[in-house]
Amino acid sequence: MVLVRPLALRRRPAITRSRMMTANSKDTRPVDLTAIAAAHPDHWRKAACIRTLTLDAVAAANSGHSGMPMGMADVATVLFEKHLKFDASAPNWPDRDRFILSAGHGSMLLYSLLHLTGYADMTLEQVKNFRQLGAITAGHPEFGHATGIETTTGPLGQGIGNAVGFAMAEESLRARWGKKTVDHYTYCIVGDGCLMEGISHEAIGLAGRHELSHLIVMWDDNGITIDGPVALSDRTDQKARFAASGWDVFDCDGHDPVDIDRALTAAKASAGPAMIACKTHIAIGSSAQDTSKGHGALTDATLIANTKAAYGWEYGPFEIPADLKTAWETIGSKGAAERAEWEAQFAALSSAKQADFTRAFAGEMPKRLSATIKALKKQISESAPKVATRKASEMALEVINPILPETIGGSADLTGSNNTKTADLGTFDTDNRKGRYVYYGIREHGMAAAMNGMALHGGVRPYGGTFMCFTDYARGAMRLSALMGISVQYVMTHDSIGLGEDGPTHQPVEHLAMLRATPNMLVFRPADAVETAEAWEAALNQTGTPSVLALSRQSLPTVRSDHKTANQTWRGGYVLAESVAKRQAVIMATGSEVSIAMVAKAILEAEGIGTRVVSMPCMELFASQDDAYRKRILPGGAVRVAVEAGVRQGWDRWLLGERGREAKAGFVGMDGFGASAPAEELYAHFGITAEAVAAKVRDLL
Ligand SMILES: Cc1ncc(C[n+]2csc(CCOP(=O)(O)OP(=O)(O)O)c2C)c(N)n1
Ligand SMILES: [Mg+2]
């Protein structure tokens, strides 16, 4: 049955309440493999390559997930053979279709496909070394390990979240560059687990609203998860759920290549994003079929032998007969002509256009950026405004966005608070795909995952905001930005108790520490508008590292009123104010507490206690400076006090290490949650004041 909803009906789908499980339940009807194989022998043998490579690789690794690749082999074979636009010899061709395996535990499905179709790096040796140290065939697909892996998946639901971002990037670029340059689909395989994860709801809502017609999700509807049948924990009518969010919904017999082809053809033609419920049998053909045992590693030699016999497979482990390898390689090269055509038409674009396209896909900044930031800094230093750093971030974006046409900004329903929308962006919408501002709705996790997808797609540069406290909600995707090493900018405002009256539910205290603990993540907490402009410049120039800008709600004085062309924030930490009297103390601070440190310095200097103030807008960048530089900024001997309206964790390296000493080091900050009150009262209540910092220094002298 095909469910194609006419547009008019899509908004009000008929949902029948039923206790009967129609989808989501496992299909326990007997499967006649001989009949299936006989009906489509060529297809069957191709799909069997995926199934047997999976069985062999999982057995060799003695770990992994056999059932999902076995169950989805038919769908994947039809997709790659009949629909996916790709050329295995040019894996990074910008206009290729994207294939995302959201159900990342089924990694052998992807590795088999890449090997079979002839991706040069996915050798049989790599497949044999599945899950071993140094192999590109990691437990779950990892972006950057091998060509053809478009994103890192494994944390369920992330892939579908990424897929929405891929599809948005494609829409945006198609509008800007035209169909001849950008016109491709994003295909995504999800499992029951992906659809149970909350993030999928955010992704589905976003895709439905934006009518992302080039997004096609194939649901591996096998009715099984690790603990048993899906029915143990869920009775959601997934098809109705997608339809309710504005998707076009289809279904197919996931083992019938003709039916799969029909559903994919219809899905591509549909006006909205499409979901195909593919009814499949997990671990098909094995004794573990349709059971949760089939989910994991099938390593029993007899089971494997019997399963291969059921497939009619007569070859040895990892053996792909030559005719089948050739057939697969033909699939892998069928896009070559289309790719060559694309390249020819791209070469016909003006050289300026080509250069801009290539620059944006490489993530490089235009030369003008540096001069633009310098000019802004000069103007700020001269006018010395008292503004919140969230406002300063908007000031920076106002000059950045016009010269960086690839930025796509957004916010999770806090646009006015995050100050993420600038005058020139326009709104990304169904009737304005060129708009560069996305109203993500209250979907922090969906926003972060979509931004990952956009960054991975390439050609666009995503940034998005929410309250810093709600990084928790986006955390799963933020961690993957860092793990993948992609350039996503998180604009996290309301970064401390300084947000005031909204109270401890909204006041981050542990978030800076948590973000700093994340490898390969830059955490910027600028002190004023100058540092904020510098932080944006530093963040945008990173191609392999995401960054967080922790920004204040409250207004902050300009502490950098002396214009310096060099980007000080890029150093991570620097001397903001040198001691006047003989240096006895070094006060380190970030963000809103830098001005407190400056007042503390004035108090101490008045008492003859020479005090240096070090602004530390980015600990990670400071840590990456050479030892001589760090020593210059943090010399031994003096008392060290750090002040930050967050927990101490993360500061001890700078307080106790790097020539510091425990007996001469102290911290002024938070050691519990905040409270509801005006900001100034909270700072006084929690003892984060210039007087408290000065007192701490005196105590330690
Ligand atoms: C966020 C997250 N939670 C839990 C897991 C562990 N896990 C991996 S697969 C899986 C079950 C997934 O079920 P389904 O998507 O139906 O896959 P199938 O068993 O059909 O292969 C779980 C719980 C995970 N990978 N990611
Ligand atoms: Mg399942």
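Worth a mention:
- Cα-based shape type of region 584-701, given that a ≥ b ≥ c are square roots of the gyration tensor eigenvalues and the cut on a/c is 1.5: oblate
- Computed from Cα positions, the angle between helix 322-333 and the longest principal axis of the chain comes to roughly 50 degrees.
- In percent, rounded to a whole number, the relative contact order of region 558-653 is 37, using alpha-carbon pairs under 8 Å and six or more apart.
- Charged neighbours of residue 84, selected by a Cβ distance under 12 Å, balance to +1 (K, R count +1; D, E count -1).
- Each Lys and Arg contributes +1 and each Asp and Glu -1, all at the Cβ; summed about the Cα centre of region 82-213, the dipole is approximately 260 debye.
- Three-way shape call for region 28-105 based on the alpha-carbon gyration tensor, with the a/c threshold at 1.5: oblate
- Of the peptides 183-194, 166-177, 97-108, the ranking by mean beta-carbon count within 10 Å, highest at the top, reads 97-108, 183-194, 166-177.
- Relative to the Cα centre, the charge distribution of the chain, modelled as +1 at Lys and Arg Cβ and -1 at Asp and Glu Cβ, gives a dipole magnitude of about 1300 debye.
- Report note on the peptides 655-668, 514-527: ranked by the mean count of other C-beta atoms within 10 Å, highest first, their order is 514-527, 655-668.
- Here's the list of lysines a cross-link from residue 353 could span, going by alpha-carbon distance under 19 Å and ignoring same-chain residues fewer than 8 apart: 179, 180, 367, 434.
- Helix 368-383 and the long axis of the chain differ in direction by around 30°, with both axes built from C-alpha atoms.
- Length released on extending from residue 691 to residue 319, taking residue separation times 0.36 nm less the Cα-Cα span: 126.4 nm
- Region 264-303 residues near the modelled residue 38 label - backbone nitrogen below 20 Å, point 7 Å along Cα→Cβ: 285-286
- Folded to 0 to 90 degrees: helix 444-457 orientation relative to the chain principal axis, Cα: 70
- The relative contact order of the chain, computed from alpha carbon pairs under 8 Å that lie at least 6 residues apart in sequence, is 12 percent.
- Counting charges near residue 297 (Lys, Arg +1; Asp, Glu -1) among other residues having Cβ under 14 Å from its Cβ returns a value of 0.
- The separation of region 168-182 from region 619-649, counted between C-alpha centres, amounts to 46 Å.
- Cα-centred dipole magnitude for region 606-701, charges only on beta-carbon of K, R (+1) and D, E (-1), debye, nearest 20: 460
- Residues residue 653 and residue 472, FRET efficiency given R0 of 30 Å [Cβ-Cβ distance, rounded to 0.05]: 0.80
- Measuring between alpha carbons in the structure, the pairs from 82/279; 391/601; 374/631 lying more than 21 angstrom apart are 391/601; 374/631.
- Debye-sum result for the chain in log10 I(q)/I(0), which assumes one identical scatterer on each alpha carbon, at q = 0.11 Å⁻¹: -1.08
- By average C-beta atoms within 10 angstrom, highest first, the peptides 149-155, 90-96: 149-155, 90-96
- Of the residues 340, 119, 38, the one whose Cα sits farthest toward the positive end of the charge dipole of the chain, with +1 on the Cβ of Lys and Arg and -1 on the Cβ of Asp and Glu, is 340.
- Of all aspartates and glutamates in the structure, the ones whose alpha carbon falls short of 18 Å from that of residue 293, not counting any fewer than 8 places away in one chain, are 27, 56, 192, 220, 221, 227.
- Over all other residues within a Cβ to Cβ distance under 11 Å of residue 423, the charged ones net out to -2, with Lys and Arg as +1 and Asp and Glu as -1.
Read the figures in this text as sums done on the coordinates, not as results from a lab. Not measured: the values here are computed from a predicted model. A quick note on method: Cβ atoms are made from the backbone with ideal geometry, for glycine too, and the neighbour counts reach across all protein chains shown.
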